[in-house]
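The values are calculated or read from the model by the stated rules, or taken from the named source; none is laboratory data. The shown structure was predicted, so the numbers you read here are calculated from the model rather than taken from an experiment. Positions of Cβ are generated from backbone atoms using ideal geometry, with glycine treated the same way; all protein chains shown enter the neighbour counts. SASA here: full protein model, heavy atoms, side chains in, ligands and nucleic acids out. Shrake-Rupley method; radii C 1.70, N 1.55, O 1.52, S 1.80 Å.
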Amino acid sequence: MNKNEAKKEIKKLREQINYHNYKYYVENNPVVSDYEYDKLLKKLEKLELEYPDLITPDSPTQRVGEEPLEGFKTVEHKVPMLSLANTYNYDELRDFDDRVKKYVLDVEYVVEPKIDGAGVALLYENGVLVRGATRGDGVRGDDITQNLKTIHSIPLRLYGDVLKNVEVRGEVYMSLSGFKKYNRKQSEKEGIVFANPRNAAAGSLRQLDSRIVAKRPLDNFIYFVSYNDKDLKTHENALDALKKAGFRTNPLAKKVKDIEEAINYCKKLEDLRESLDYEVDGAVIKVNSLAQHKILGRTSKNPRWAISYKFTAKQSTTRLNDIAIQVGRTGTLTPVAILEPVEVGGVTVSRATLHNFDELKRKDIRIGDTVLIERSGDVIPQVVKSIKEKRKGVEKRKIIPKKCPVCGTEVVRAEGEVAVRCPNKNCSARLKWRIRYFASRDAMDIDHLGESTIDKLLEEGLVDNIADLYFLKKEDILKLGGFKEKSAQNLFDSIEKSKKQDLSRLIYSLGIRHVGKYAAQLLAAKYNSIDELAKASSEELKEVYGLGEKSADAIATFFATDENIQLIDKLKEIGVKTKEERKKDLPLQGKKFVFTGGLVSLTRPEASDLVKQMGGIVASSVGKDIDYVVVGESPGSKYEKAKKLNLNIISEDEFKKLVS
Ligand SMILES: [Zn+2]
């Protein structure tokens, strides 16, 4: 291929990749597999490597991040980014409508959700992204082009001719699921966690190393054309044009005919809020006609043609009464904020996580402080910061305890690690967690064994390990206090019943690291008994299809430990089922199922049990190896992913036929 041919081929490949990129990241509706997409990208990379002078900044290969910067350049926005005036009740929205109507008549509005992320301005020249900037002070912001290019849903080159030379505004955010996953990974590594998705988005965009940004789960919605060399009539037209040009726009934006309809839609958006995978802190109401925008103009601070309506805050301040220490399942000591109860976005909060002692120190949070509490989605409430201005000088720092608050053993802190641990394997805090885990619904499912009962069992010395549960007599339970004949019998029966749980539950309930529900099912499908599993080497385990290396190693380590073998022996001795008698050729032998959405005629656990009884396996996430995806009402992202992967998707009725 000569250079001219290469040039043509490169152009063709880029067009194809941009198209598939758009289908995947913006429309959520890919038309090729990941594999085919990667093949195109590899081909382009190879050609560009051969002809480096043909690389342009808008090439899809330029999304992986570049060398770190020394600092950000300050740039001026083409049009100042004004902030919107806030309103907190519907009457204030009606006042806004009255003010608008002093200037213009026949007003229509567009209402859209206000995404809680980081505002950005993107500048395109001749359809190519030339600059992306933070909001900054509204007039000048930081040039973060390198970082923004790593977000796949931001087009590097625009489609068609609808928009060519434009500046657009939008919000970069981290999805709630991405945020939770990111923080969980960081906590495992004992790294820095973000207080909320907004900080996560803003903090990521301020990274000087765009290669780090490329690894963060960021996305964006573009909601406004701030400068344009062509004429558009309405904001609604502008949103259409943005979409046609390849931007990701929010599907919930809606045109309404008057302020009352706008108010109704605000209510609807607030109801929807908890079901979205991104944080929304309000709604924005904009006058639809762009000619009217010009007439309305602006005040010194805000445009007169738009206003934001704030939803009930998910933040509150309250007094931090104490910092308690929790000892986790692996012995890690975690500080927990004990708060003066306060309502945060409709929920009363009296405890909040402080993550670890380094966070506590970094944020300088003290007992007696007034603190800012925040809730996002179903994430555990967090202490964002302490309000230092409110200190009276009597607030106290919490010192890292030298001894485990539960068993009194001296704590350890490995060099360079954030986590402080109680090294005592028999610490009752750890034992308590193990028992709770063992008895939990997905494990041995022992009803009536609540936290306070476990506490009492440990206090009385009746239980020293999980097998001891099965040696309890009804008389022992009655002596615990709080139990009557009937309730003691119930607990006793539940414990007895759990002896018959299937092998996958038993494996899961042992709490082996890196062995979740799915891995436990894979193992139970492969091995007929716990003894067979115990004999398997880590090499052999690595051959189990779908099982990760970490899990294989953890299982081998678990069964190489004497105490664990003794535990298994004790369980066998007392009659816990550790073998699976297999009926040959079960109809769904080895078939993998995923459920998404609500089922109508049966519960999830019931459905899972049906699958397992027929030899099938229930997975929690969608992958290429899944045989059936059962879709109920209001399915989630798993459904989208299943469609993308072209999996076998079945309804609840079809599922019931399959298992009947
Ligand atoms: Zn301890």
Legend entry - Calculated Rg and Dmax of the stretch 369-408 using C-alpha coordinates, Å: 14.5, 38
Inset, instruction - Taking only the C-alpha atoms, wrap a convex hull around the chain and report its volume per residue in Å³ as a whole number. - result: 216 Å³
Inset, instruction - Can you work out the PRE-style zone for Lys479? Point 7 Å along Cα to Cβ, and I want the residues of the stretch 447-461 with backbone N under 15 Å. - result: 456-461
Legend entry - For the stretch 654-660, Karplus couplings with θ = phi - 60° (6.51, -1.76, 1.60), whole Hz, Gly/Pro x: 4, 4, 5, 5, 4, 9, 8
Inset, instruction - Order Tyr628, Tyr527, Tyr159, most accessible first, counting only protein heavy atoms with a 1.4 angstrom probe. - result: Tyr159, Tyr628, Tyr527
Legend entry - Set of lysines with alpha-carbon distance to Lys39 below 16 Å, sequence-local pairs under 8 removed: Lys11, Lys12
Inset, instruction - Could you tell me which Cys residues in the chain have no other cysteine's Cβ under 4.7 Å from their own Cβ, answering none if every one has a partner? - result: Cys266
Inset, instruction - Identify the residues of the stretch 92-129 with backbone N under 20 Å of a label point that sits 7 angstrom from the Cα of Leu272 along the Cα-to-Cβ direction, or state none. - result: 108-118
Legend entry - At R0 = 51 Å, FRET efficiency that the Cβ-Cβ distance of Arg206 and Thr603 yields, to 0.05: 0.65
Inset, instruction - Roll a 1.4 Å probe over the protein heavy atoms and report the accessible area of His514 in Å², nearest 10. - result: 90 Å²
Inset, instruction - Tally up the carbon and sulfur contribution to the accessible surface of the stretch 1-73 as a whole percent, 1.4 Å probe, everything protein left in place. - result: 52 percent
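If I take every Cα pair under 8 Å that is 6 or more residues apart in the stretch 592-659, average their sequence separation and divide by the length, what percent do I get for the relative contact order?
It rounds to 39 percent for the stretch 592-659.
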Inset, instruction - Could you provide, to the nearest whole Å², the per residue accessible area of the stretch 3-63 with probe 1.4 Å? - result: 63 Å²
Legend entry - Relative contact order [Cα under 8 Å, 6+ residues apart], the stretch 503-573, whole percent: 30 percent
Inset, instruction - Work out which GluC sites (Glu not before Pro) in the chain are exposed loop sites (DSSP not H, G, I, E or B, at most 14 other Cβ within 10 Å) and give the longest gap free of them. - result: 71-414
Inset, instruction - May I ask for the percentage of alpha-carbon pairs in the stretch 253-395 that lie more than 24 Å from each other? - result: 50 percent
Inset, instruction - Within the stretch 29-134, report the trypsin sites (Lys or Arg not before Pro) that DSSP leaves as loop and that have at most 15 other Cβ atoms within 10 Å. - result: Lys73, Lys78
Inset, instruction - Could you go through the stretch 431-440 in sequence order and give the Karplus-derived ³J(HN,Hα) for each residue, using 6.51 cos²θ - 1.76 cosθ + 1.60 with θ = phi - 60°, rounded to whole Hz, and x for Gly and Pro? - result: 4, 4, 4, 4, 5, 4, 5, 4, 8, 5
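How large, in percent, is the carbon and sulfur part of the accessible surface of the stretch 328-481 at a probe radius of 1.4 Å?
After summing per-atom areas, the C and S share lands at 48 percent.
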Inset, instruction - Determine the shape class of the stretch 314-423: with a ≥ b ≥ c the square roots of the Cα gyration tensor eigenvalues, call it rounded for a/c under 1.5, and otherwise prolate if a/b is greater than b/c, oblate otherwise. - result: prolate
Inset, instruction - Sticking with the crude label model, points 7 Å out along Cα→Cβ, report the distance from Glu36 to Glu389 in nm, one decimal please. - result: 5.9 nm
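Which of the three applies to the stretch 86-310, rounded, prolate or oblate, going by the alpha-carbon gyration tensor with a ≥ b ≥ c and a/c under 1.5 meaning rounded?
oblate
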Legend entry - the stretch 538-660 - accessible surface per residue (Å², probe 1.4 Å): 57 Å²
Legend entry - Glu343-Lys396 pseudo-label distance in nm [points 7 Å out on the Cα-to-Cβ vector]: 3.3 nm
Inset, instruction - Compute the separation of the alpha-carbon centres of the stretch 1-29 and the stretch 224-243 and state it in Å as a whole number. - result: 26 Å
Inset, instruction - Could you tell me how many degrees, from 0 to 90 and to the nearest 10, lie between the Cα long axis of helix 517-526 and the main elongation axis, the longest principal axis, of the Cα atoms of the chain? - result: 50 degrees
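Using the heavy atoms of the protein chains alone and a 1.4 angstrom probe, what is the accessible area of the stretch 321-449 per residue in square angstrom?
Dividing the accessible area of the stretch 321-449 by its residue count gives 52 Å².
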Legend entry - Gain upon complete extension [Ser651, Glu540; 0.36 nm per residue less C-alpha separation]: 36.3 nm
Inset, instruction - Let me have the relative contact order for the chain, percent, based on Cα pairs under 8 Å that are six or more residues apart. - result: 9 percent
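For the pair Asn4 and Thr561, what calculated FRET efficiency results from E = 1/(1 + (r/R0)^6), where r is the Cβ-Cβ distance and R0 = 56 Å, to the nearest 0.05?
Working from the Cβ atoms, E equals 0.25.
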Inset, instruction - Quick one: angle between helix 562-573 and the longest Cα principal axis of the chain, in degrees between 0 and 90, rounded to 10, please. - result: 70 degrees
Inset, instruction - Kindly identify the stretch 524-572 as rounded, prolate or oblate by the Cα gyration tensor criterion: order the square roots of the eigenvalues as a ≥ b ≥ c, call it rounded if a/c is under 1.5, otherwise compare a/b with b/c, prolate if a/b is larger, else oblate. - result: oblate
Inset, instruction - Report, to the nearest whole %, how much of the accessible area of the stretch 86-310 belongs to carbon and sulfur atoms, 1.4 Å probe, protein only. - result: 49 percent
Legend entry - Potential lengthening between Gln589 and Asp553 on full extension [0.36 nm per residue; Cα-Cα distance subtracted]: 10.3 nm
Inset, instruction - In debye, nearest 20, what is the charge dipole magnitude of the chain about its Cα centre with +1 on Lys and Arg Cβ and -1 on Asp and Glu Cβ, if you could check? - result: 720 debye
Inset, instruction - Using 0.36 nm per residue of separation minus the Cα-Cα distance, give me the extension gain between Leu69 and Asp91 in nm, one decimal. - result: 3.1 nm
Legend entry - Förster radius 60 Å - calculated FRET efficiency between Asp240 and Leu49 (Cβ-Cβ, nearest 0.05): 0.95
Inset, instruction - With unit charges on the beta carbon (Lys/Arg positive, Asp/Glu negative), name the residue among Gln146, Asn86, Trp305 whose Cα is farthest towards the positive pole of the charge dipole of the stretch 86-310. - result: Gln146
Legend entry - Pairwise centroid distance, computed over Cα atoms, of the stretch 420-468 with the stretch 163-215, Å: 38 Å
Legend entry - Set of lysines near Lys479 by C-alpha distance (under 25 Å), chain-local residues within fewer than 8 positions excluded: Lys432, Lys456, Lys497, Lys499, Lys570
Inset, instruction - For Glu125 paired with Thr56, estimate the spin-label separation in nm (one decimal), with each label point 7 Å from Cα along the Cα-to-Cβ line. - result: 1.4 nm
Inset, instruction - With everything on Cα atoms, drop me the angle between helix 485-498 and the longest principal axis of the chain, reported from 0 to 90° to the nearest 10. - result: 80 degrees
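Which value, to two decimals, describes the C-alpha radius of gyration of the stretch 394-452 once divided by 2.2 N^0.38 Å?
Rg over 2.2 N^0.38 Å, computed on Cα atoms: 1.50.
Per DSSP helix of 4 or more residues, -39500 (n - 2.57); summed, then divided by the residues of the chain. What does that give at 222 nm, rounded to the nearest 500?
On the way: 24 runs with 238 residues, N = 660.
Rounded to the nearest 500, it is -10500 deg cm²/dmol.
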Inset, instruction - For Ile649, tell me the accessible area in Å² from a 1.4 Å probe, rounded to the nearest 10. - result: 60 Å²
Legend entry - Rounded D (µm²/s) - the stretch 477-534, Kirkwood Rh over Cα pairs, Stokes-Einstein at 20 °C, 1.002 mPa s: 162 µm²/s
